[in-house]
1. What are the residues in the stretch 215-234 that are touching a strand residue (DSSP E or B) at 6+ places or on another chain (Cβ under 9 Å) and charged (D, E, K, R), if any?
2. Being on the phi < 0 side of the Ramachandran plot and of a type in the set (G, A, S) is the filter here, so list the residues in the stretch 226-246 that pass it.
3. Return the residue satisfying two criteria in turn: it lies in the stretch 1-38 and is of a type in the set (A, V, I, L, M, F, W, C) and not in a strand (DSSP E or B), and of such residues it is farthest from T61 (Cα to Cα).
4. Could you check the stretch 53-78 and list, in sequence order, the residues that are among the small types (G, A, S) and in contact (Cβ under 8 Å) with a residue 60 or more places away in the chain?
5. Can you name every residue in the stretch 1-22 that is β-branched (V, I, T) and at pLDDT 95 or above?
6. Of the numbered conditions (1) more than 17 Å from T35 (Cα to Cα); (2) among the small types (G, A, S); (3) in contact (Cβ under 8 Å) with a residue 12 or more places away in the chain, A171 satisfies every one except a single condition; which is it?
7. Mind checking which strands (runs of 3 or more DSSP E) fall wholly inside the stretch 148-252 and carry at least 2 residues that are assigned by TED's automatic domain parsing to the domain that holds M123 and buried (at least 18 other Cβ atoms within 10 Å of the Cβ)?
Amino acid sequence: MSSIGIEFRQVTKRYGDASAPLVVKGIDLQVPKGTLTTILGPSGCGKTTSLRMIAGLESPTAGTILIDGQDVTTLGPAERNVSMVFQSYALFPHMNVIENVGYGLSVQGLSRDTTAQRARAAMALVGLAGFEQRLPSELSGGQQQRVAVARSLVLEPSVLLFDEPLSNLDARLRRSMREEIRALQQRLRLTVAYVTHDQSEALAVSDQIIVMDAGLIAQAGTPRQLYEQPATEFVAGFMGEAMRFEAVVDEAGLVRLGPLKFAARRPVAPGPVRVAVRPEAWQVSAPAASTGLPAQAGPASGDADALPGTLRKMAYLGSFLELTVDTPLGEVFVVSPEVDQSWQLGDALVLRLGSHGVSVVAG
């Protein structure tokens with residue numbers, strides 16, 4: 001059996017005739033069996049269309065789709081052994097929970113006893129034991145989400161698909177549900193493709209993230225790879241907040257960003273580059289003269305150069321401060337854990353770069 005759960009080979013999709021623009025532009029992707037891959041990107045990038053092609057709800061214009069090594073390109077949804085959890089949950093309001101969960105089995109013609117037995121087992125997996133007779137209207141948003149997941153699991157699919165599954169939930173419930181989905185996927189070793197536009201959600205649940213941009217795959221990799229080593233300026237900006245600066249790589253391989261210089265995390269050819277810096281990458285201190293302390297060491301290069309600035313805005317958010325600092329590079333946004341500092345607007349500050357959250361990227 002194939003170790004690849006889902007595979008796209010040069011898949012394209014357009015709606016309309018040959019003159020219509022491509023929504024998906026000849027992409028290759030792989031979802032290893034038993035793992036969770038998130039397809040991430042802004043609205044209109046092709047992520048939901050790609051998910052619907054996996055489900056068989058849309059047919060590709062060209063290319064090949066394989067599930068567990070079998071070519072399913074021309075097969076309908078019922079022939080693919082794939083289940084999908086929709087953004088709206090799509091529960092039947094007139095059916096109770098066990099009827100909703102068992103609906104797919106009853107359509108397949110299984111006996112009432114077998115359907116009920118398997119439905120109860122699926123409900124137990126998602127923590128819904130005892131909810132058999134409730135109607136969807138009597139459930140919370142998180143409970144409705146669990147019913148939708150149980151209804152998909154009861155079919156014992158090769159592949160489970162999620163389309164923006166948490167977008168209808170409040171922030172705290174989203175965090176709880178994403179943890180439950182991830183734990184369930186890992187416990188049952190499910191092959192999952194998961195579509196979202198939420199970067200935090202993708203980072204929290206994924207073995208692999210595929211970032212799409214305008215119908216193409218901008219980058220694929222682990223959450224850490226995409227966050228810490230974005231391949232392009234688009235990925236750097238999309239995978240969490242980042243400011244981009246013009247810089248130059250010198251002949252020694254050091255990146256020169258204003259008065260700062262540091263070694264890139266991977267080899268970069270000499271010449272102009274763009275540097276993406278996340279707000280949490282900055283280390284903030286008062287100038288050495290005002291503290292009576294020696295200047296701190298700089299980033300990985302060991303250089304003591306620092307970026308002077310003036311504090312213009314400050315907001316206290318409990319576990320961190322948001323600072324806006326005027327510098328020779330322009331206005332810099334900083335997230336600092338130094339919540340006990342008594343800085344005032346107008347204070348002189350010094351910014352240095354830490355070892356994480358700084359990427360040299362293509363423009």
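1. Hits for the stretch 215-234 are E228, E233.
2. Listed by number, the residues that qualify are A231, A236, G237, A242.
3. If we filter the stretch 1-38 for residues that are of a type in the set (A, V, I, L, M, F, W, C), which is where we start, we get 1, 4, 6, 8, 11, 18, 20, 22-24, 27, 29, 31, 36.
This time we only want the ones that are not in a strand (DSSP E or B), so: 1, 18, 20.
Values: M1: 27, A18: 10, A20: 11 Å.
Applying the filter and picking the extreme gives M1.
4. Start the filter on the stretch 53-78 by keeping residues that are among the small types (G, A, S), which leaves 55-56, 59, 62-63, 69, 76, 78.
Matches in the stretch 53-78: A55, G69.
5. Here is the first cut: in the stretch 1-22, the ones β-branched (V, I, T) are 4, 6, 11-12.
Across the stretch 1-22, the qualifying residues are I6, V11, T12.
6. (3)
7. Details: elements: 159-163, 191-196, 208-213, 216-221, 243-249.
Filter on the stretch 148-252 gives 159-163, 191-196, 208-213, 216-221.
For (1) at negative phi; (2) within 17 Å of the chain's Cα centre (by Cα), each residue gets a yes or a no:
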{"site": "A124", "(1), (2)": "yes, no"}
{"site": "G130", "(1), (2)": "no, no"}
{"site": "G141", "(1), (2)": "yes, no"}
{"site": "Q144", "(1), (2)": "yes, no"}
{"site": "A148", "(1), (2)": "yes, no"}
{"site": "V159", "(1), (2)": "yes, no"}
{"site": "E164", "(1), (2)": "no, yes"}
{"site": "D170", "(1), (2)": "yes, no"}
{"site": "R174", "(1), (2)": "yes, yes"}
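The values are calculated or read from the model by the stated rules, or taken from the named source; none is laboratory data. Bear in mind that the values here come from a model prediction, so they are computed numbers and not experimental data. When we count neighbours, we look across all protein chains shown, and the Cβ atoms used for this are built from the backbone with ideal geometry, even at glycine.
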